[in-house]
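Since the structure comes first, as structure tokens, the remarks are kept for the end.
The values are calculated or read from the model by the stated rules, or taken from the named source; none is laboratory data. Because the structure is a prediction, the values reported are computed rather than measured. Neighbour counts run over all protein chains shown; Cβ positions are idealised from the backbone, glycine included.
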Amino acid sequence: MLVDRARKFLLSLLPLLFLLAACGGGGGNPGSVPGPGPGATTGALQVNITALPAGTNAAVRVTGPNNFTQDLTSSQTLGNLAPGSYTVAASDVVVDAATYRPNPATQSVSVAAGATASASVAYGAGALTLALSQVGGNFDDPTFVTAPVDDERLFVVERGGTIRVLRNGAALTVPWLDISSRVFTGGEGGLLSMAFDPDFARNGYFYVYYTDLQQDVVVERFGSSPLPNVADATSGLVILRIPHPQYINHFGGLVAFGPDGLLYVGTGDGGGEGDPFGNAQNLAVGLGKLLRVDVRGASAGQPYSIPSSNPYLNQPGRLPEIWASGLRNPWRFAFDDDRLYIADVGQSEREEVNVAPLSQGGLNYGWDIMEGTACVGTANCDRSGLTLPAFEYEHGANDVNGCSISGGFVYRGGALPELAGHYFYSDYCRGFLKSVLASGNGNGIGQQRDWGIASPGGVVSFGRDSAGELYIVGGDDRIYKIVRGPAS
């Protein structure tokens, strides 16, 4: 019985085998496969997407009756659709630093039974422009702007010794902190920056960097108070105190937490022309350095500990707090994932930005042997063991290009996705806004751009809010947010 059934099944396949043989056995080119078409009771929608660079996916969503949803990355015909109205919504597509915008962004298409409707989306690239939008009113000699994680407030540091809270675009009357009676403001001194503890929401700690009445550089920790917008000014715990007795310039000025949870402090070389005391190259002093300490267990008896990976730990005659040396006056450094950017102010010829892996401790950035890539005071110098800047610019005649770099941040916000990974910087003398994009290893710099706008009165510093958006601290005592400009 089973043999008879098998024989009958094989005989039933003979007509199909003869048909395949007549068509070449299936080995030829079958040609293009037609897209789904309309049925007797259903319709079809052909979506044509054009003008994106080759290999770039579109961002188009089609929605319609019966909770129909389909995302498209390229042109496509959708079949077996229920008759009715369908919405074709297209989103911007970012390619490098260009944004491709759809036209139209949204359209409605009627699909009828037995017919094929069509919709077209044409992308076009518009050049990104930036603008400055003032936030808050005027401040008293502001030096820095920052915010805690997941906090909508902005905190504005004022050089005289106060920190003010910006909330909903307005500055609160009562300062967050006022230590003005303890701050030296001569020369380049003052309250120069602050940093919120990574665990601020739980422990309420924040750290300030200022010059005291003896001109020493001080990093001090404070705590919050029961009042939501006022800190506890009596809670101070001095973390670091670095003598700076001779000159009233080159105080450095930034305290910041790295992604490793450690506290970094950027100090100037002590001032004077040409680093007369040789501080930047002296590993026994804390001036002209980037310092790194662990404050997670800070107490009055032990305000910090030395991370085990610090390069000069347990080396006699060398400060174990040092992470990097050879800096003249680092006027802002920034972290981006595992990368460190240091903007170092030059003396009379060059401004520089150093870029290095955060894991690479013990680097010597060259001052006062070198200013940027140029030897100081001689045509030739020993560059062995020195780390040259990732990029630099010369002052030019009459400081036409600038005279004092103001380092910023790498953009990681959401409002300007075209700029992800771009490092922003400016110059106090020229107030321009420029950006660069570092290569994967940080050694190469590309996509250098001048955004064609300038801050009135120069740029003192940059700031960043909890959403990753960037701000400029203007020399006109105002704070500006960097925003998208008009389409070009």
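Key figures for this structure:
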| item | result |
| --- | --- |
| Where a residue in the range 395-424 is touching a residue at least 12 places away in the same chain (Cβ under 8 Å) and within 30 Å of TYR100 (Cβ to Cβ) and its partner, wherever it lies, is aromatic (Phe, Trp, Tyr) and assigned to a strand (DSSP E or B), with Cβ under 6 Å and at least six apart | GLY408/PHE424; GLY408/TYR425; GLY408/PHE462; PHE409/PHE462; VAL410/TYR423; TYR423/TYR341 |
| Residue pairs meeting the criteria (Cβ under 7 Å; at least 6 apart or on separate chains; first free of Cβ contacts under 8 Å to residues at least 12 places away in the same chain, in the range 268-280; second not aliphatic (A, V, I, L, M)) | ASN279/ASP269; ASN279/GLY270; ASN279/GLY288 |
| Set ALA390, ALA374: member being surrounded by fewer than 18 Cβ atoms within 10 Å (Cβ to Cβ) and of a type in the set (A, V, I, L, M) | ALA374 |
| Unmet requirement for LEU263, which otherwise passes all of (1) within 18 Å of PHE206 (Cβ to Cβ); (2) without any contact (Cβ under 8 Å) to a residue 12 or more places away in the chain | (2) |
| Selection within the range 393-418 - hydrophobic (A, V, I, L, M, F, W, C), under 21 Å from the mean Cα position of the chain (by Cα) and buried (at least 17 other Cβ atoms within 10 Å of the Cβ) | ILE405, PHE409, VAL410, LEU416 |
| Strands (runs of 3 or more DSSP E) fully within the range 40-157 counting 2 or more residues that are not β-branched (Val, Ile, Thr) | 43-50, 60-64, 68-72, 76-81, 84-90, 98-103, 106-111, 116-126, 130-135, 142-146 |
| Flag if ARG328 is crowded, with 22+ Cβ neighbours inside 10 Å, closer than 25 Å to ILE472 by Cα and either modelled with pLDDT of 95 or more or charged (D, E, K, R) (or both) | yes |
| Filter result for the condition that a residue is closer than 29 Å to ASP338 by Cα and either buried (at least 16 other Cβ atoms within 10 Å of the Cβ) or at pLDDT 95 or above (or both), over GLY278, GLY236, GLY258, GLY272 | GLY258 |
| Any hit, the range 348-364, residues being among the hydroxyl-bearing types (Ser, Thr, Tyr), closer than 23 Å to TYR411 by Cβ and surrounded by 23 or more Cβ atoms within 10 Å (Cβ to Cβ) | no |
